[in-house]
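The values are calculated or read from the model by the stated rules, or taken from the named source; none is laboratory data. The shown structure was predicted, so the numbers you read here are calculated from the model rather than taken from an experiment. Neighbour counts run over all protein chains shown; Cβ positions are idealised from the backbone, glycine included.
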Amino acid sequence: MKEQDPRLGSLLEDLEEPAQPDPSRLESEVPKSSVRLDPRRCVGCAACMRVCPTEAIRIRKGKAIIKPQLCIDCGECVRVCEHKAGVVLSDPISAIQRFEYRIAVPEASLYGQFIPAVLPNDILAGILDLGFHEVFEAALATERASLLLREYMDRYHGPKPLMTSFCPVVLRLIQLRFPDLADLVVPIDSTLELAVKKLKEERSKQKGIPVEKIGAFYLAGCPARITTIHHPYTGAKTHLDGAISVGEIYKDLMFAIRKRQRAGQKPPQLHGSSALGMRWGTLWGEVEALGLENAIAVSDMKHLVRIMEEIDNHTLTDIEFVECRACYAGCAGGPLMVDNPYRGRSKIQRLCRMFPELSNTEETWARENFERFGSHFDRRMKPLSLEGLDPDPSKAIEKMAQKSKILESLPGIDCGSCGAPNCKALADDIVRGEATIMYCIFKLRDAFLRQKRKKRKSPSSPKRSRAPQQKSQLC
Ligand code: SF4
Ligand code: SF4
């Protein structure tokens, strides 16, 4: 028998108490998001509105605004905005000072953001220099998730293809647009939470510091991860105390690494995750970790939506497993990462070849712990209806009929001049009382011409008629 991982093995032993949903969070129908569009920088060009996969953006009075209930934190609007109006709300590094003992939780994709000569140990030592007392690699938890997933796939005999719950954007997309696919999501997503909880308890005992004074901060490459920590989608309690954007610390981290290298300081041995865990930082990582042949990996929102439609239409039932990531090349291409996604991915793949496949982890661990872990599987993913026009079902049906009528009367060319991404979205806004039919420039023109004709016919009308008081939302 191989030696058990001294850290993670013990961290995941205590599985009796599953994370409980916080009722106040579950009550809230409006999910939070970490993405904002700064009106001072926004020029109303509508580039973000056109790329948003959930039609969450509107242009009002020449500025882009986000409808928070539709935002899935994909970060596409942040990426596409040339005026840097996209902002991601993450914790500042100073937030760690609230805690007496500070743990950083870097994700594996961070290892792909530096030149090849900078190895995980250098990066982890650099993170300590930013003011943390300890680093806990998220890859140690994904390593365990891989083992559990393999076991789950072996035991599963239901409908296919299965999908994983790793990318929070994918989960939100399923909740909003493909609620029928929720049961195909493999419910293994709490390994990191459990590990962090146990680590904090252990450090509390060892150092004599109350658990509340021990802070764990995730170093995130995407807004969706930040949101899962600030406002967990499932309503479950998180043991992470904050999320810091990789973009925010990158410069200082780079500086700390260089400083150590220039001083000839050898970093301490901090890196312990295997290739199995690190692989999750890039696209195809899960499929490779699972060793599946009849599986596909999909990234990029457009492709993702198309594949989900196919799964929804039961045309992909011959595939066993679909790895879904919102970002190009997987998490290495997260909107808050600094390097380009392809180079990031290639660097992680190189590291995976350098490090052992399964470090200090027992192959039999998943089999032995599966039943106990099963009680933690989170199936609370709650479908959210895009069509929720009214909480009262009879009024909602009435509004649906109104919406169809309005939609029929609109030109149907989806020009976007009304400040909504398409005519259907404008009809929805009108029924909700968030827009009027005059937002449509064609309707506005018709109204103007009608008024003009009417005034011409009237003998007492002044020679010049005035246009209705409405401007295009893009002005
Ligand atoms: S983050 Fe994504 S879903 Fe949210 S507003 Fe931006 S593009 Fe739309
Ligand atoms: S692919 Fe990774 S980085 Fe991108 S949104 Fe999903 S979890 Fe975040």
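Descriptive notes on the structure:
- Annotation note: of A297, A263, the sole residue that is touching a strand residue (DSSP E or B) at 6+ places or on another chain (Cβ under 7 Å), modelled with pLDDT of 90 or more, assigned by TED's automatic domain parsing to the domain that holds E310 and over 20 Å from L336 (Cα atoms) is A297.
- Those residues of the stretch 197-235 which are within 16 Å of ligand 2 (Cβ to nearest atom) and of a type in the set (A, V, I, L, M), in sequence order: L219, A220, A224, I226, I229
- Subset of the stretch 85-112 (residues that are under 20 Å from the mean Cα position of the chain (by Cα), away from ligand 2 (no atom under 12 Å from the Cβ) and either over 17 Å from S34 (Cα atoms) or not aliphatic (A, V, I, L, M) (or both)): G86, S90, D91, P92, A104, V105, P106, Y111
- Residue in the stretch 69-82 that is more than 24 Å from F217 (Cβ to Cβ) and not in a helix (DSSP H, G or I) present: yes
A quick yes/no check of all residues on (1) at pLDDT below 95; (2) assigned to a loop (DSSP other than H, G, I, E, B):
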{"position": "P6", "(1), (2)": "yes, yes"}
{"position": "E29", "(1), (2)": "yes, yes"}
{"position": "P53", "(1), (2)": "yes, yes"}
{"position": "R58", "(1), (2)": "no, no"}
{"position": "A64", "(1), (2)": "no, no"}
{"position": "D91", "(1), (2)": "no, yes"}
{"position": "A95", "(1), (2)": "no, no"}
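- The number of residues in the stretch 222-270 that are part of a loop (DSSP other than H, G, I, E, B), among the small types (G, A, S) and either over 20 Å from N121 (Cβ atoms) or touching a Phe, Trp or Tyr at 6+ places or on another chain (Cβ under 7 Å) (or both) comes to 1.
- Look at the stretch 152-176: where a residue is over 17 Å from L292 (Cβ atoms) and a partner is part of a helix (DSSP H, G or I), sitting 6+ places away or on another chain with Cβ atoms under 6 Å, you get P168/A224; P168/T228; V169/A224; I174/L181; I174/A182.
- Verdict on A256 being out of contact with any Leu (no Cβ under 6 Å at 6 or more places or on another chain), within 16 Å of ligand 2 (Cβ to nearest atom), of a type in the set (A, V, I, L, M, F, W, C) and in contact (Cβ under 8 Å) with a residue 12 or more places away in the chain: no
- Residue within the stretch 133-147 that is surrounded by fewer than 20 Cβ atoms within 10 Å (Cβ to Cβ) and assigned to a helix (DSSP H, G or I) present: no
- When every residue of the stretch 268-282 is checked against the conditions, at least one turns out to be closer than 27 Å to E201 by Cα and either in contact with a Cys (Cβ under 6 Å, 6 or more places away or on another chain) or not assigned by TED's automatic domain parsing to the domain that holds R150 (or both).
The rows are residues; the columns are (1) among the polar types (S, T, N, Q); (2) away from ligand 1 (no atom under 14 Å from the Cβ); (3) within 22 Å of A332 (Cβ to Cβ); (4) surrounded by fewer than 23 Cβ atoms within 10 Å (Cβ to Cβ).
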| residue | (1), (2), (3), (4) |
| --- | --- |
| M49 | no, no, no, no |
| G75 | no, no, yes, no |
| R79 | no, no, yes, yes |
| L89 | no, no, no, yes |
| P92 | no, yes, no, yes |
